[in-house]
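Notes follow once the structure below has been shown.
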Amino acid sequence: MAMVNFLIFGPPGSGKGTQSVKLAEKFNLMHLSTGDMLRAEIAAGTDLGKKMSSIMSKGELVPDEVVIEMIAAMTDSTKNKAGFLFDGFPRTVAQTEALENMLNERGMKIDCMLVLEVDHDELVKRLMLRAELSGRPDDKDPAVIENRIDVYREKTEPIIDYCRQRGIYQPVDGVGTIDEIFARLSNLIKERI
Ligand code: ADP
């Protein structure tokens, strides 16, 4: 059966990670989160992790090559999966082009970009709250939170236009309870899988 591949997209704090875990389980998708992969490198104390942690703690993006390589290493591990769910990747247009090439080489494509829409004040509120639970250094400092949102608007949001031109852009209301948003996303995935 052909794989159906999704991007889950949205600003920091929009709920991508929370929803991805639930969606991957429900629809048997391979969930790939570059944020999780990078934090695993840091936790393991690798050289790469050491290099990336200062970039991440400032709320800047790590170099495209780093995340592209991480994803490339995973794109062949698709055994018995219905598709990919890319979370927090791509974050630049260059990453998007690299992902398209990787998928095209394997006879696949990006089938749908699900974009969680959440207003600015709600994002900041959620990230401040998460800081207390997650212990993530990039959630603790309000200036870093604002920088991550700015970086999203400047470097990541242009991917929306790129995907809109390809007819795969699908906005989703990202405000509500976790279950309500999960139901919205699930309906959109169900139609395509
Ligand atoms: P967020 O909650 O901000 O969406 P993530 O867990 O996806 O958090 O990512 C945390 C940090 O890891 C980012 O702020 C960035 O520094 C780095 N990062 C993760 N994915 C990428 C990527 N695709 N390209 C560049 N940097 C990334």
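Throughout, read-outs are computed from the coordinates displayed, never taken from laboratory work. For clarity, every value in this text was computed on a predicted model and none was experimentally measured. Note that each Cβ is placed from the backbone with ideal geometry, even for glycine, and that neighbours are counted across all protein chains shown.
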Could you work out the relative contact order of the range 4-192, using alpha carbon pairs under 8 angstrom and six or more residues apart, expressed as a whole percent?
33
Please list log₁₀ I(q)/I(0) at q = 0.10 Å⁻¹ for the chain, using the Debye equation with identical point scatterers on the alpha-carbon positions.
-0.39
Sorted by chain and then number, the residues having a modelled amide H within less than 5 Å of the amide H of Gly59, at least 5 places away or on another chain, are none
As a check on your grasp of the helix formula, calculate [θ] at 222 nm for the chain: sum -39500 (n - 2.57) over DSSP H runs of n ≥ 4, divide by the residue count, round to the nearest 500.
-16500 deg cm²/dmol
Residue by residue through the range 106-116, the couplings from Karplus 6.51 cos²θ - 1.76 cosθ + 1.60 with θ = phi - 60°, in Hz, x for Gly and Pro, are 9, x, 10, 8, 7, 8, 7, 10, 8, 10, 7
Quote to one decimal, in nm, the extra length available between Ala44 and Val124 on full extension: 0.36 nm per residue of separation minus the C-alpha distance between them.
25.9 nm
With a 10 Å radius around each residue's Cβ, average the other Cβ atoms per peptide and rank 67-79, 109-121, highest first.
109-121, 67-79
Using only Cα atoms, locate the centre of the range 141-179 and the centre of the range 73-134, then give the distance between them in Å, rounded to an integer.
11
Distance-filtered residues of the range 63-88 - backbone nitrogen under 12 Å, label point 7 angstrom along Arg106 Cα→Cβ:
71-86
Past the 23 Å Cα-Cα mark, which pairs from Lys26/Lys109; Lys22/Lys140; Lys51/Lys81; Lys81/Lys109; Lys22/Lys51?
Lys22/Lys140; Lys51/Lys81; Lys22/Lys51
